[in-house]
Amino acid sequence: MSIEILTRINPKVSNMESIGISTAGGLTSADVSAACAGINKKGELMLLAKICGVRGVQEPLFYRMYNDACKLAVKGNWRAGKRGLDRIRSVLQLAIYESITQMICPTCRGTKFNPRNPTKTCSGCDGKGIWRMTDADKYRTVGISQQSWNKTWKWRFNDMLILLEKYEYSAKRKVLNRLK
């Protein structure tokens, strides 16, 4: 998405001339509303969280995604015993949290470069500027062993992240196509 369109969609920006975008003949709130009409609710929640910074979308997104996570489990033939459903819930909540939470890397403070050597990328965030949880943080959060995480749940977690990214991408694509 281009910065111009993101800025036009973001309700936090009221005067677009201040950022170098002319509003003469530009988008109105009705245009943006019409562009968002009919997009998948899961994708809409992802866009609200990631682009507009709306808080409180984790719970509604979880309830909408839980059925999809269970379908993934059936499709992937995941063995889900008594604790399996609880773990699916925990891993889904973790995937949603990681997907919509964009924490600035404490090492480089979002610059993407090593503070001691600006010619090298930051090792804390791999040059992304955004901090992500380590695998150890993830398996402790879910409440499982490292072995179980690495053998089974890490891949399931990644499948859930991919599903979230697909909903976000689909929603972005629809909105962009309608705003062109």
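The values are calculated or read from the model by the stated rules, or taken from the named source; none is laboratory data. Please read all numbers here as calculations on a predicted model, not as lab measurements. Positions of Cβ are generated from backbone atoms using ideal geometry, with glycine treated the same way; all protein chains shown enter the neighbour counts.
Tally time: how many residues in the stretch 121-141 are of a type in the set (A, V, I, L, M, F, W, C) and surrounded by fewer than 19 Cβ atoms within 10 Å (Cβ to Cβ)? Quick ask: steps written out before the conclusion?
We begin by selecting, within the stretch 121-141, every residue of a type in the set (A, V, I, L, M, F, W, C); these are 122, 125, 130-131, 133, 136.
Filter once more, keeping what is surrounded by fewer than 19 Cβ atoms within 10 Å (Cβ to Cβ): 130-131, 133, 136.
The number of residues fulfilling the criteria is 4.
Considering the conditions (1) under 24 Å from Met65 (Cβ atoms); (2) in contact with a Ser or Thr (Cβ under 9 Å, 6 or more places away or on another chain), Cys105 is excluded by exactly one of them, (1).
Let me confirm something: among Lys172, Lys151, which residue is surrounded by 13 or more Cβ atoms within 10 Å (Cβ to Cβ) and either of a type outside the set (S, T, N, Q) or part of a helix (DSSP H, G or I) (or both)? Give the derivation first.
Values: Lys151 fails: surrounded by 13 or more Cβ atoms within 10 Å (Cβ to Cβ).
Result of the check over Lys172, Lys151: Lys172.
Here's a check for you: in the stretch 87-136, which residue that is acidic (Asp, Glu) and over 23 Å from Leu45 (Cβ atoms) is modelled with the lowest pLDDT?
Among those residues, the one meeting the criterion is Asp126.
Checked against (1) more than 18 Å from Leu61 (Cβ to Cβ); (2) buried (at least 16 other Cβ atoms within 10 Å of the Cβ), Ile88 passes all but condition (1). Residues that are touching a helix residue (DSSP H, G or I) at 6+ places or on another chain (Cβ under 8 Å) and polar (S, T, N, Q) within the stretch 29-52 comprise just one, Asn40. Pairs needed: first member in the stretch 85-112, closer than 15 Å to Glu168 by Cα; second member anywhere, among the polar types (S, T, N, Q); C-beta distance under 8 Å; at least 6 residues apart or different chains. The qualifying pairs are Ile96/Gln58; Tyr97/Gln58; Ile100/Gln58.
Counting only residues that are of a type in the set (D, E, K, R) and under 13 Å from the mean Cα position of the chain (by Cα), give me the helices (runs of 4 or more DSSP H) lying completely in the stretch 24-115 with at least 1 of them. Working first, answer last.
On the way: elements: 29-36, 41-50, 58-75, 82-100.
Correct list: 41-50, 82-100.
Considering the conditions (1) surrounded by 15 or more Cβ atoms within 10 Å (Cβ to Cβ); (2) out of contact with any helix residue (DSSP H, G or I) (no Cβ under 7 Å at 6 or more places or on another chain), Pro118 is excluded by exactly one of them, (1).
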